[in-house]
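Nothing in this text is a laboratory measurement; each read-out follows from the coordinates by a stated rule. Keep in mind it's a predicted model, so treat the numbers as computed, not measured. Here the Cβ is made from the backbone with ideal geometry for all residues, glycine too, and neighbour counts use every protein chain on show.
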Amino acid sequence: MLAGAWGSYPVGWLAGVIGVIFCIWLMVVSPTFRWAVFVFLVLAGAGIYKLIQQSNEDDARYRQREATARTLIQPSQLVLNEVKLGQSYGLWQVNGTVQNNSQYPLSRFWLHVTVQHCPAAPFCVTIGEDDVGIDVQVPPGQLRSFDRNVYFANLPTAQRMTWGYRIDGVKAEMP
């Protein structure tokens, strides 16, 4: 580090400033260097444009692929069995089995889990809910178990607690 009147600065800053001043001086005194800088800037601009264009095309392909993956399997083609909500070491967990009755491999599905307090049936009040993404690889026609933490923020104590779930989305494994 180089100490100065305004504190400590890395030597790299000094070298950078000297390099910029030198380049400006060369552009002033050398027409050939001016053309070289101009050509370099045009090529750098074209390269940056091409990289941005490629990134945008990759992003569009990814979004199209994701949209397709979310439409190949319908929620009705999944069968959930033995789904339970419980606590383990202070954390809420949902677990069970999922059967994939579609022709595509399953990679992920989303559950919307709702907890209600029902002091007097049928009067229930929702006291907690969470959307849970469950990553599980299930080939067509097969069954796998799943287990995932569920986060209920500020969940009050309920004497008569009931809970339910619904499948909010499904994603197929894309080749």
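At a glance:
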read-out	value
Candidates VAL17, VAL132, VAL150, ranked by Gaussian network fluctuation over the chain, Cα under 10 Å, top entry	VAL17
Max mean-square fluctuation residue, GNM over the chain, Cα-Cα springs under 10 Å, options LEU26, LEU106, LEU14	LEU14
Equivalent-ellipsoid semi-axes of region 39-175, from the Cα gyration tensor, Å, largest first	41, 21, 12
Net charge, HIS112 excluded, C-beta distance under 11 Å - Lys, Arg +1, Asp, Glu -1	-3
Computed over region 2-69, Cα set: Rg, Dmax in Å	21.0, 61
Net lengthening on full extension, CYS118/ASP147 (0.36 nm per residue, minus Cα-Cα)	7.8 nm
Helix axis angle, 31-69 relative to the chain longest principal axis, alpha carbon, degrees	10 degrees
Normalised contact order of the chain, rounded percent, pairs of Cα under 8 Å and 6 or more residues apart	22 percent
Charge dipole (debye, nearest 20) of region 2-69; +1 at Cβ of Lys and Arg, -1 at Cβ of Asp and Glu	120 debye
Highest-MSF residue in the chain out of GLY45, GLY12, GLY164 [GNM, Cα springs under 10 Å]	GLY12
